[in-house]
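Contents: one structure, followed by commentary.
The values are calculated or read from the model by the stated rules, or taken from the named source; none is laboratory data. Remember, predicted model here, so these are calculated numbers, not experimental data. So basically every Cβ, Gly included, is an ideal-geometry build from the backbone, and we count neighbours across all protein chains shown.
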Amino acid sequence: MTAISQIERPAGAAAPMSLVGLTRPELADALRTIEIPERDIKMRVAQLWHWIYFQGAREFDQMLNVSKVQRARLAEHFTLARPEVTSQQVSSDGTRKWLIRMPPVDAKDKGAEIECVYIPESDRGTLCVSSQVGCTLTCTFCHTGTQKLVRNLTSREIVQQLVVARDMIGDFPGMTPPTDGLLPSGEGVRAVSNIVFMGMGEPLFNIDNVGAAIDVLSDGDGLSLSKRRITVSTSGVVPEIPPLGERAGTMLAISLHAVRDDLRDTLVPLNKKYPIDELLDACRNYPGLSNARRITFEYVMLKGVNDSPAEARELVRLLKGIPAKINLIPFNPWPGTKYECSDWDTIERFSDIVFNAGYASPVRTPRGRDILAACGQLKSETEKVRARARLMDE
């Protein structure tokens, strides 16, 4: 990645702020701090928006429709720096996992580290983004749930994940993509065409920043992702499901994983606060729900835990009247887990019962297992390194 030049500042001075990831109102506020005339704000925001989010500019000097004087002024006070990619892993199936270090957001913050995963297919590319540093939900089958919550990501940090991904895979105009041949191809096909909020964290515990980020991701003059290609996954924060539909209008996915409250209380402890009946009522009333905008229910297949034919039939009964599809997810093992993946014959039998009841029930192909990038496997491996370093220092 090309290094971003930094303006030299006196010792102790704050580093210049990057404009990458800001919303339109935030860009306008930033320009006001350098006394851009109010009459010019809207035009300047539009110019910056195009160069940052459509062109992927990394230097102000690339902005040819901005005067040299204004470019110099912008460079004096701001940067177009991206967060640092501290490691990249590429799976044998083409899945890429990046460990991204975010700059500190305030004096108390030491800088966040998150994982972001890119999954290429022949006709699309899906970016799995994080919404929090760590997670507070402690779902027992999920590796991320073993990592303590540090903080919410800002809307800027969420947007920056897509900008970094497009940098890394050459998905901005004029860039050269990787030569490994594992990216989607075809006329009009973008390398990143879909976004799923299925990385680290619970998006609906950070709904304000997630909503603001979606505004940037879906803006047609910039990153230009259709809201029908953005999916927000939740473990069931019931009060925030209607506001998500009203505020963002994206597709919704529910991490269900069980059909009985007693079992879901164990697998997804949030269920103790918002049990299955309340969760499904919120789904039935999700704004914009229709056969064309179905809710996806995610169901991880755990051997001998939730994979019986009786549970498949109960799942069908529970979802009656909800336009839905069910993603069956073979459990992806991680170090220290007590669960095993259901046998393939068991998964197929479960899928057949759901399908014969009229629901699409695809079995999600595990991707990136060899680099711990598959569903439920995300957790910053730097935790282990830091723990060893602390022990050596003591």
Exercise. Is it true that some residue in region 326-344 is touching a helix residue (DSSP H, G or I) at 6+ places or on another chain (Cβ under 6 Å) and at pLDDT 85 or above?
Worked result: yes
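Scan region 27-49 and tell me whether some residue there is under 22 Å from Met175 (Cβ atoms), loosely packed, with under 13 Cβ neighbours inside 10 Å, touching a residue at least 12 places away in the same chain (Cβ under 8 Å) and outside the structural domain of Ser193 (by TED's automatic domain parsing).
Taking region 27-49 and keeping what is under 22 Å from Met175 (Cβ atoms), we get 47-49.
The next check asks that each one be loosely packed, with under 13 Cβ neighbours inside 10 Å; those that pass are none.
No, region 27-49 contains no residue that is under 22 Å from Met175 (Cβ atoms), loosely packed, with under 13 Cβ neighbours inside 10 Å, touching a residue at least 12 places away in the same chain (Cβ under 8 Å) and outside the structural domain of Ser193 (by TED's automatic domain parsing).
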Exercise. Scanning region 21-67 for residues that are within 27 Å of the chain's Cα centre (by Cα) and among the hydroxyl-bearing types (Ser, Thr, Tyr), which turns out nearest to Gly220 (Cα to Cα)?
Worked result: Tyr53
For this session: Kindly provide the set of residues from region 144-153 that are surrounded by 22 or more Cβ atoms within 10 Å (Cβ to Cβ) and aliphatic (A, V, I, L, M), ordered by number.
Result: Leu153
Problem set entry | Qualifying residues in region 111-143 (those that are of a type in the set (Ser, Thr, Tyr) and buried (at least 24 other Cβ atoms within 10 Å of the Cβ)) - the one nearest to the chain's Cα centre (by Cα) | Ser130
For this session: Scan region 122-143 residue by residue and report those that are under 17 Å from Leu162 (Cα atoms) and either charged (D, E, K, R) or in a loop (DSSP other than H, G, I, E, B) (or both).
Result: Arg124, Val129, Ser130, Ser131
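Every residue, every condition in (1) polar (S, T, N, Q); (2) more than 17 Å from Arg101 (Cα to Cα), yes or no:
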position: Thr140; (1), (2): yes, yes
position: Leu149; (1), (2): no, no
position: Arg156; (1), (2): no, no
position: Val159; (1), (2): no, no
position: Pro173; (1), (2): no, yes
position: Leu183; (1), (2): no, yes
position: Val196; (1), (2): no, yes
position: Gly201; (1), (2): no, no
Exercise. What is the one condition in (1) at pLDDT 95 or above; (2) surrounded by 16 or more Cβ atoms within 10 Å (Cβ to Cβ); (3) among the basic types (Lys, Arg) that Lys97 does not satisfy?
Worked result: (1)
For this session: Can you confirm whether region 154-161 contains a residue that is among the basic types (Lys, Arg) and either surrounded by fewer than 16 Cβ atoms within 10 Å (Cβ to Cβ) or in contact (Cβ under 8 Å) with a residue 60 or more places away in the chain (or both)?
Result: yes
For this session: Determine which single condition Ala165 fails, assuming it passes every other condition in (1) touching a helix residue (DSSP H, G or I) at 6+ places or on another chain (Cβ under 9 Å); (2) among the aliphatic types (A, V, I, L, M); (3) crowded, with 22+ Cβ neighbours inside 10 Å.
Result: (1)
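Give me the residue from region 51-78 that is of a type in the set (Gly, Ala, Ser) and surrounded by 14 or more Cβ atoms within 10 Å (Cβ to Cβ) and, out of that set, nearest to Ile41 (Cα to Cα).
Quick first cut of region 51-78, residues of a type in the set (Gly, Ala, Ser) only: 56-57, 67, 72, 75.
Those left that are additionally surrounded by 14 or more Cβ atoms within 10 Å (Cβ to Cβ): 56-57, 75.
Numbers: Gly56: 21, Ala57: 20, Ala75: 17 Å.
Per the criteria, the residue is Ala75.
Taking Val300 as the residue in question, decide whether it is crowded, with 20+ Cβ neighbours inside 10 Å, within 23 Å of Leu204 (Cα to Cα) and not assigned by TED's automatic domain parsing to the domain that holds Ser155. Walk me through it before giving the result.
Values: crowded, with 20+ Cβ neighbours inside 10 Å: yes; within 23 Å of Leu204 (Cα to Cα): yes; not assigned by TED's automatic domain parsing to the domain that holds Ser155: yes.
So Val300 fits the description; yes.
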